[in-house]
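One structure below.
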Amino acid sequence: MAKSKNKTKALEEILYNDIAKTLRGVVEAAEYKHVTLPLLFLKFVSDKFELQREKLTNEGKTKFIEMKEFYQKDNVFYLIEESRWSYIVKNAKSSDISIKLDTALNNIEKNNPSLKGALPDNYYSRLNLSSSKIAALIDHINNNIHIGDESFDLMGRIYEYFLQKFAVLEGKGKGEFYTPKSTVNLIAEMIEPYSGKIYDPCCGSGGMFVQSLKFIEAHKGDTKKVAVFGQESIDTTYRLAKMNLALRGISGNLGKTNADTFANDQHKDLKADYVMANPPFNQKDWRAESELKDDPRWAGYDVPPVSNANYAWILNIVSKLSVNGTAGFLLANGALSDSDTRNIRRRLIENNLVEAIIVLPRNTFYSTDISVTLWILSKNKKARDVQVGDDNRKLRDREREILFMDLRTWGSEFEKKYIELTPEDISKASNILHSWQEVDGDYQDIPETCRGVSFDEIKNNDFSLVPSKYIEFVDRDNTIDFDKEMKRIQKDMSKILSEETTAEKELREAFKGLGYEI
């Protein structure tokens, strides 16, 4: 049976602490995820295999228990004996356990084509980690995780928890493989990816896809109506993403291999209903000076500069949107007003693509402490009726408007030095956007929080998308009675000076009683 949320959280923490303690000082922090997550994956697929094997036996189908098709038809990966967790546990203390692990993972991939490119290739043999350390990791997982037929989502939650903890551990300058869950939830709640194709051009460890399907489940939607497409350039991160999707039972198209989205677009003809992305911030030298100048993705726009890929990511996203497509993606704040991309930004605004600009709190990300911006783009901002789950909505014409939101003071402290948006924050922010979009919405501009702004006003600000140029600032100094405040300050200072004089007099008397003069 599934454990309670509190017990699950305790299990995750206990397991993570045990594993981190085992690896600390032996491998670099950036390697923790690559050492640990394939072991979790192996445990998961083995447990599912054993349950299916038991089911076939109970149904009197023992002659089929070694036939792949009787596993794969129920979305269970087939494992030969040497790839099963029980075999790994039995041989955990052998001197060649690293080779046995590599062989097990290689055979799993070989026998299950959908996992091609998902699992590490001879990683443990090259890791140079002692067999005793590997045995300790296997013991930690084996002793803590016991998955039953009704709780396979437990492993997905543990995997997600570990991804987050590893990203926090790596800290600034690293951890790009993981986008904080609360930020992904905000994107999902705002663009509401209920059905259709979802695309992420830089998918990291696959968190956007996982949270999208969680959003659908939470709102009683049908996850079978969603197809996911993505791409990731870093080989090890690409493998993390494929494992993450496999753990969730998500059949996603992440391309045939890891590849750079700009140099080797593996989804050239895709038209997605939703795009969710967290591209690398301010990526430099993303192309050579003479390369990609005639790329169809920037047709009708200036070619994005070599010095910064922010607008290359934006135009790639725009090129992938269907006629009614919606995108939510994150960029560094500099993209709101960079002078060298001003003409591209102007065209995006003139083409009525920018729906909303939302500035997030600082320290939301583990890889940087800067404040970042969530961009919402809509390919169709005309008045129309839309079906969102079971809800019929009437959207008003927003073609000559953009909504600006400032969430920099929102959120709560997390892990002592990070900020995360709470579920209440996410609900409030998404309600602001949706009420602004709807014909019958009760939207109102809120000073220091949000404001709907006309095209003409943005044009008069030279097409800057910096929210502080548009959202009303409350000058609280206007309400201060300065004469009254000065009298209060003077009274307080007089009291402090009087107390200091009394204390000084008492100190002198005390020293005088001891025969000293000061």
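With distances taken between every two different alpha-carbon atoms, region 342-487 has a Kirkwood hydrodynamic radius of 17.2 Å.
For a paramagnetic label modelled on ASP445 (point 7 Å from Cα along Cα→Cβ), amide N atoms under 19 Å away belong, within region 338-371, to 355-359.
Report, in listed order, any pair from LYS100/LYS242; LYS416/LYS469; LYS394/LYS417; LYS43/LYS116; LYS55/LYS271; LYS224/LYS394 with a Cα-Cα distance greater than 30 Å. Exceeds cut-off: LYS416/LYS469; LYS394/LYS417; LYS55/LYS271.
Take the Cα of PHE473, step 7 Å toward its Cβ, do the same at ASP302, and the gap between the two points is 2.7 nm. Extension gain, VAL466 to ALA218: 0.36 nm times the residue separation minus the Cα-Cα distance gives 85.9 nm. Loop-located trypsin sites (Lys or Arg not before Pro) in region 369-446 (DSSP state not H, G, I, E or B) with no more than 10 neighbouring Cβ atoms inside 10 Å: LYS416. For ASN144 and ASP397, the difference between the fully extended length at 0.36 nm per residue and the C-alpha to C-alpha distance is 85.6 nm.
Label-to-label distance for GLU506 and ASN324 is 7.7 nm, based on points extended 7 Å past Cα in the beta-carbon direction. Among the trypsin sites (Lys or Arg not before Pro) within region 37-80, those in coil by DSSP and having at most 10 neighbouring Cβ atoms inside 10 Å are LYS73.
When DSSP beta bridges are restricted to pairs lying wholly in the chain, around 60% turn out antiparallel. Taking 7 Å steps out from each Cα toward its Cβ at PHE455 and ALA30 produces label points 4.6 nm apart.
Note on region 453-472 and region 217-276: Cα centroid distance 35 Å, given to the nearest whole angstrom. Translational diffusion of region 181-469, estimated by Stokes-Einstein from the Kirkwood radius over alpha carbon pairs at 37 °C in a medium of 0.692 mPa s, is 170 µm² per second. For region 1-136, the average shadow cast by the Cα convex hull is 9.4 nm², which is a quarter of the hull's surface. Ellipticity at 222 nm from helices only: DSSP H runs of n ≥ 4 in the chain, each -39500 (n - 2.57), divided by the residue count, give -13500 deg cm²/dmol.
As a calculated quantity, the FRET efficiency between GLU50 and MET493 at R0 = 60 Å, using C-beta atoms, amounts to about 0.20. Within region 250-375, the percentage of alpha carbon pairs spaced more than 20 angstrom apart rounds to 46%. FRET efficiency for the SER131 to GLN387 pair, using the beta carbon distance and R₀ = 45 Å, is estimated at 0.20.
Rounded to two decimals, what is the ratio between the C-alpha radius of gyration of region 254-302 and 2.2 N^0.38 Å?
Values: Rg = 12.4 Å, N = 49, 2.2 N^0.38 = 9.7 Å.
Normalised Cα radius of gyration, region 254-302: 1.28.
How big is D, in µm² s⁻¹, for the chain by Stokes-Einstein at 37 °C and 0.692 mPa s if Rh is the Kirkwood radius over C-alpha pairs?
The diffusion coefficient I find is 126 µm²/s.
No lab work stands behind these numbers, since they all come straight from the coordinates. As the structure is a computational prediction, the values presented were derived from the model and not from experiment. Counting neighbours? That spans all protein chains shown, and the Cβs are built from the backbone with ideal geometry, glycine included.
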